[in-house]
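Data first, discussion second: the structure below is written as structure tokens.
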Amino acid sequence: MTQTDPILRVENLRTELALSSGAIEVVRGVSFSVNKGETLGIVGESGSGKSMTALSIMRVLPRPIGRIASGSIHLNGRDLVPLSETEMTRIRGREIGMILQDPHTSLNPVYTVGNQVIEALQINQQRGGLLQKAIDLLKKVNVADAERRVHAFPHQMSGGMKQRVVGAISIAGAPKVIIADEPTTALDVTIQLQYLELLEQIQQETGTAIVFITHDLGIVARLCHRLVVMYAGRIVEEGTVDDVFDAPSHPYTVALLHSVPHVDRKVDRLYAIEGNPPALHEIGQGCSFAPRCPLADERCRTVAPPTVAGRSKAPDHFAACWKSGELA
Amino acid sequence: MLTFLLKRTLYALISLLVITLIVFSLSHLSGNPLDALLPDDATPAQIEQVTRHLGLDRPIWVQYLTFLQNAAVGDFGDSLKWKGQTAAEVVWQRLPATLQLGGLALLISIVVALPLGVMAAVYKNTALDAVATVIALLGQSLPAFWLGLVLMWIFAVILGWFPTSGYGGLSHMILPAIAMAWFQVAALTRLTRSAMLEVLDAEYIKLARVKGVRERSVIWKHAFRNAAIVPVTYFGVLAGSLLTGSVVIETVFNWPGTGWLAITAIQGRDFPVVQTVVLFFALLFLLANLIVDILYALIDPRIRNT
Ligand SMILES: Nc1ncnc2c1ncn2[C@@H]1O[C@H](COP(=O)(O)OP(=O)(O)OP(=O)(O)O)[C@@H](O)[C@H]1O
Ligand code: SF4
Ligand SMILES: [Mg+2]
């Protein structure tokens, strides 16, 4: 194989939450990989396990209820799952970073922006002239008037600005992978576009791989090279953006694409698919999408579907469906 | 920041004024002060003389202003029980004892409760958390005087490790201070724990973790500083209940502070002294709350900038 080795390879990841009502599996055997400099989109309805997948990779699942039950997460060839908390602390920020969804709550309200950026620099072994380095970093993420803003508190900034600061923090250690969990959902449309451009710019400059989690297929079309579609804790389809958009091979993906009127417009209509995703403790034997699938039959309801080649026939296009051949 | 503090100080002064008004009115509501001052068989001439001397023949608001004027310079009249001393002198002499004991109790509360509350939150649902919960439960269901007596009985009477009561050094202070602090430890631990639990769920804690901050720093730098607002708020209440608690505990342990003084003065109908104690307590309480406001502003920039 001439393909570059993936920088991040997740294999058969299973994550559980211990709730008072019993343990539920929120990530149920997820595998994907991301290459250097590549942007992978993860899409799926609310509750499909996108964030739990991201938090598993970062090893910051909700405490004390979250736990990786099995699987491996290879970052640059090293499995993160067995690492101790101390070892993991050294990897976070330096080798893998993350941008959270809501800029209004992700910065610490009692410290200045500068303090929080400098902290990230210090974690990454930067010494001396830290204030100037923080200002430079803020400039890099297009924070206007960085010399003054570095002394501001988060509550004195707009959402778009705060998300830029979060971006600056995530690149302070020049990680090889950045996971962005719906980083633009809380922003206005115009600010969203600027932020996406910023991410593209960062990627071009640093060659970092990005895992971009979103509801928005328009953003996927614009920003991502490949995508995985998640449903009820599983990946139901995976492929290049072109292949999946041109030849969707899972009924859920088809429905998602149908609910997007214009690929370049911000949409949030995943909910337009009739019915709701199953409650995770109700998932039975067969295909989890069966209750909402127009093609579902008895086999779908009783036997879990195999992973098959996607309709594009490209070697990296897959879907988990009994009837993907019947989609036209 | 400065305007914030000025505003708070102004509020404190207004509260103080209201308190003086209440204290003053109480002294008039609780019957004619003369009854307390004069022997039962006083002659009309004596009554006349004392009335004039105290200014009781003047309009009430003039009396209040005089009272304020005197209070401002610490003049609350002469003590009736401790002859030859002014009320202010009597209280002033007892104040250090109360501050020592209260200070030690405060120190114990903070040093025990804050780390315990923080750790109970961090290790939620573990044995440590259970221990903290039991302490909190016990502390809040045991009355301080009863705990004081039990402590005295076990550690002073039976084991003889500490003196039973009276004024003295650290060994005299430990039992009463623990008795005073116990309830506060309980309340403060519970508050700190729940405040920390809430903060530990915040997104900025998640961000601190994903950016590679060490766990200890996540807890103390990122979480505790935010959670601290809650125990700091309680500090005002804490100071107040330590003062009122001193009345009970000082009496139980025969500790000659202002709390003990208050009881003794009430029993001896030494009204000027009672009045002075009340005003002193009010002043300390307002001071504690002013400190709370300052701490607030130091902790949280959002408060500072409003
Ligand atoms: N703290 C929690 N306690 C209980 N259940 C949780 C918790 N966090 C997540 N879940 C459950 O885990 C499942 C996966 O959630 P996750 O947050 O990964 O979804 P998501 O795909 O990121 O959705 P969204 O698009 O809304 O962010 C959901 O069923 C959710 O209800
Ligand atoms: S396996 Fe069956 S139910 Fe599941 S998506 Fe495919 S057709 Fe629908
Ligand atoms: Mg999510």
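What follows draws every value from the coordinates through simple rules; no lab data is involved. All of these numbers come straight from a predicted model, not from anything done at the bench. Cβ sites come from the backbone with ideal geometry, for glycine too, and all protein chains shown count toward neighbours.
Quick notes on this one:
- Seen from a random direction on average, the alpha-carbon convex hull of region B:103-200 projects onto 6.5 square nanometres.
- As a length-normalised measure over Cα pairs under 8 Å and 6 or more apart, the relative contact order of chain B settles at 26 percent.
- Inter-chain shielding of A:99-108 (mean C-beta neighbours from other protein chains, 10 Å cut-off): 4
- The distance separating the Cα centre of region A:41-88 from that of region B:113-138 comes to 29 Å.
- A simple charge model with +1 on the Cβ of Lys and Arg, -1 on the Cβ of Asp and Glu and nothing else charged puts the dipole of region A:75-144 at about 300 debye relative to its Cα centre.
- Take the Cα of residue B:155, step 7 Å toward its Cβ, do the same at residue A:295, and the gap between the two points is 7.6 nm.
- Positive end of the dipole of chain A (Cβ unit charges, origin at the Cα centre): among A:76, A:296, A:233, the Cα lying farthest that way belongs to A:76.
- For peptide A:87-97, the mean count of partner chain Cβ atoms within 10 Å of a residue's Cβ comes to 3.
- For the segment B:195-204, counting C-beta atoms of other chains within 10 Å of every residue's C-beta and taking the mean gives 3.
- For the options B:232, B:199, B:50, a Gaussian network treatment of chain B with springs between C-alpha atoms closer than 10 Å singles out B:50 as fluctuating the most.
- Helical content of chain A, expressed as a calculated mean residue ellipticity at 222 nm, amounts to -8500 deg cm²/dmol (DSSP H runs of 4 or more residues, -39,500 (n - 2.57) each, divided by residue number, nearest 500).
- Computed over region A:1-86, the ratio Rg/Rh where both radii use C-alpha atoms and Rh is Kirkwood: 0.99
- Within the protein assembly as shown: Cβ-based charge dipole about Cα centre, in debye rounded to nearest 20 (Lys, Arg +1; Asp, Glu -1): 1000
- Cα centroid separation, region A:11-30 to region A:107-168 (Å): 36
- Spin-label model distance (nm) - residue B:133 vs residue A:156, 7 Å beyond Cα toward Cβ: 4.3
- Taking label positions 7 Å along the Cα-Cβ direction at both residue B:142 and residue B:68, the computed distance is 4.7 nm, reported to one decimal.
- Simple point charges give the picture: +1 on the Cβ of Lys and Arg, -1 on the Cβ of Asp and Glu, and for chain A a dipole about the Cα centre of about 640 debye.
- Out-of-range pairs (alpha-carbon distance over 18 Å; input A:176/B:211; A:50/B:124; B:124/B:211): A:50/B:124; B:124/B:211
- By the Cα gyration tensor, the protein assembly as shown has an equivalent ellipsoid whose semi-axes, rounded to whole angstrom, run 68, 27, 22 from largest to smallest.
- Once the convex hull of all Cα atoms in region B:1-160 is built, its volume per residue stands at 230 Å³.
- Compared with the dominant Cα axis of chain B, that is its longest principal axis, helix B:60-72 is turned about 60°.
- Legend: calculated FRET efficiency, residue B:25 to residue B:194, from the Cβ-Cβ distance at R0 = 30 Å, rounded to 0.05, equals 0.15.
- By the count of neighbouring beta-carbon atoms within 10 Å, fewest first, A:231, A:252, B:296, B:123 end up ordered B:123, B:296, A:231, A:252.
- Label zone at residue B:4 (point 7 Å along Cα-to-Cβ), backbone N below 20 Å, region B:229-255: B:229-237
- Each of A:53, B:186, A:105 was scored by the projection of its Cα onto the charge dipole of the protein assembly as shown, and the greatest displacement toward the positive side belongs to A:53; charges sit on the C-beta of Lys, Arg, Asp and Glu.
- Among B:269, B:225, B:52, residue whose mean-square fluctuation peaks in a GNM of chain B (springs only between Cα atoms under 10 Å): B:52
- Farthest positive-ward along chain A dipole, Cα basis, beta-carbon charges - from A:128, A:219, A:17: A:128
- Label point 7 Å beyond Cα of residue A:127 along Cβ direction - residues of region B:194-226 with amide nitrogen under 14 Å: none
- Expressed as a fraction of 2.2 N^0.38 Å, the value expected for a compact globular protein of N residues, the C-alpha radius of gyration of region B:75-126 is 2.05.
- Alpha-carbon centroids, region B:243-306 and region B:171-214: separation in whole Å: 24
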